[in-house]
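The values are calculated or read from the model by the stated rules, or taken from the named source; none is laboratory data. The shown structure was predicted, so the numbers you read here are calculated from the model rather than taken from an experiment. No Cβ is skipped: glycine too gets one built from the backbone with ideal geometry, and neighbour counts run over all protein chains shown. Protein only, heavy atoms only, side chains kept; ligands, DNA and RNA dropped before computing areas. Shrake-Rupley method; radii C 1.70, N 1.55, O 1.52, S 1.80 Å.
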Amino acid sequence: MSDFNTDKTRKDFPILNGDNPPVYFDNACMVLKPEPVIKAIEEYYRKYPACSGRSNHRLGGIVNQKIAETRKIIADFISAEPEEIIFTRNTTEGINLIARSFALEKGDGVLISDKEHNSNLIPWQVLEGEKRIEIGIIKSKSDNTFDINELKNKLSPKIKLISVVFTSNLDGVTNPVKEIIKISHQNNSLVLVDAAQTAGHQKIDVRDLECDFLAFSGHKVLGPTGTGVLYVKKNLMEELKPFIVGGGTVEDSTYESHKFLSGPERFEAGLGDYAGIIGLREAIKYLINIGFENIKTQEEKLNKIISEGIKNISGMKIIGPENYKERGSIINFYHSKMASHEIALLLDKTYDIMVRSGRHCVHSWYNSRGIRDSVRASVYFYNTESEAKYFVDSLIKILKLV
Ligand SMILES: Cc1ncc(COP(=O)(O)O)c(C=O)c1O
C-alpha cells in the first residue's frame, strides 16, 4: 500500500483548499479533479493546441504521441491492449455505441438487471421500439443484490447480450460480474459491463473478467468531463459496425465508397477532445498512485461512520444491504417524514454539505418499488472522518425539525 495521507491529498484538490471548504459528498455523480489534471488541460491549450492523427507538423506530433500514450496507460489500467480502447465522451456514449454497432435483430434478447442506470436501460428500450429486440429484466434479491439464479433462469438461446452494471450508483453494491460473464458465455451470450461506478474504486482486469465490452467515464476517475472509455475485446472490434462515421474513421474514400480504419479510431469520428484525453491520462496516473487499497480503506471507514450514525434514526431507511461493507462508497437513504430534496437543500444551505437527492437516473427502480426518491451521500478518498461525523450530526439536527 502506498503512503496515503488524506490531509496531504486534499491539497491537490483546489475546491478542498481555502478557509471553509464544502463537504463534497456527491462523488457518485462526479469526482473532483486534482491539480495535475487541471495543469495538463491548460498545458495542451497553451503549448500544443493541435490535432491528433491528421497533421504531420511538430505540434500535431506531440498530440499524436500523447493520445497514443494515454491509450496505452488506460489499456494497462484495465489490463487490456491499446487496440481495444475506444475514446468516448462518457459511459452513456460507450453503451449507445454497442447498442447501435452490435448486430442485434428482431427477436434477439438483451438481459439487464433491475438496477440499471437510465444509460443502460433507455438505449435498449429504443432498440426494442426500432428493431423489436426483446428486453429481459433480472430481478434483484430482497436485499437488492444480484440474483445469479434469476440470470440462469432468464438465459436462453435467443439472449445475445447481457448488459449489466458492475457497481450500482443506487446502493454501491458491486455485482459478481466475473460469475455473470462465465455463466453468460456458457450460453454463448456476450456481456457489456457498465463500470461507471467501479473504475475509480477498484482494480478492473478485463482479461481476468473475460468481459466483451466495458464502459466507464473519465469524470468519475478524477478526469475531465466529456471523456470516456469503451473497451472492446480485440476479436469483436471488427464485428462492430461504426454508427457515428466521418473524418478520422477511414483509410480512404471515393465518391462511391469508403474503407474504414481497422483499429479503435474508426469509432472515434471527428476531432476529439484532446485536452480532455490528455487530462484523463494524468487522472489515471494520479489514481494509480493513490492506490485502490487506500481508496477502499478510506471509503469503508467513512461509510461505517455514516451508516452506523444514521441507521437508527426513526423513519430512516438506507437502500441496499444493511452491511456497509457491501455498499462501497454509497449511503443512499430516505426518511418517512421529510422530503429528500428538502433534506439535501438544508444540508447544503445550512451546513455546506453537498449530496444528491432525487432518483439518481434509476427511475425504473424507484417506480417499481413505489419509493418517491432518496438522498445519496457518496464519499471518496479525499473525504475525512470528521466530515463523515459532521454529516451525521447535521442530518440528525435537520431531522429534529420534523
Ligand atoms: C452506474 C452508472 N452508469 C452509467 C452512468 C452514466 O455516466 P455518464 O453520465 O458519465 O455517461 C452513471 C452516472 O452516474 C452511473 O452511475
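Looking at Gln298 and the list (1) closer than 21 Å to Pro82 by Cα; (2) open to solvent by less than 60 Å² (accessible area, probe 1.4 Å), which single condition is not satisfied?
(1)
If you take the residues of segment 79-95 that are within 19 Å of the chain's Cα centre (by Cα) and away from the ligand (no atom under 16 Å from the Cβ), which of them is surrounded by the fewest Cβ atoms within 10 Å (Cβ to Cβ)?
Among those residues, the one meeting the criterion is Ser79.
Scan segment 207-223 residue by residue and report those that are open to solvent by 10 Å² or more (accessible area, probe 1.4 Å) and in a loop (DSSP other than H, G, I, E, B).
Of everything in segment 207-223, just one residue is open to solvent by 10 Å² or more (accessible area, probe 1.4 Å) and in a loop (DSSP other than H, G, I, E, B), namely Glu210.
Would you mind finding the one in Ile277, Ile244 that is under 15 Å from Ile74 (Cβ atoms) and touching a Phe, Trp or Tyr at 6+ places or on another chain (Cβ under 9 Å)?
Just one listed residue meets the conditions, Ile277.
For Asp12, state whether it is over 21 Å from Asn90 (Cβ atoms) and over 24 Å from the mean Cα position of the chain (by Cα).
no
Taking the condition of being among the acidic types (Asp, Glu) and crowded, with 17+ Cβ neighbours inside 10 Å, how many residues in segment 349-402 meet it?
Counting residues in segment 349-402 that are among the acidic types (Asp, Glu) and crowded, with 17+ Cβ neighbours inside 10 Å gives 1.
If I filter segment 225-245 down to residues being within 12 Å of the ligand (Cβ to nearest atom) and open to solvent by less than 10 Å² (accessible area, probe 1.4 Å), which single residue comes out as farthest from Ala275 (Cα to Cα)?
Filtering first and then ranking leaves Leu230.
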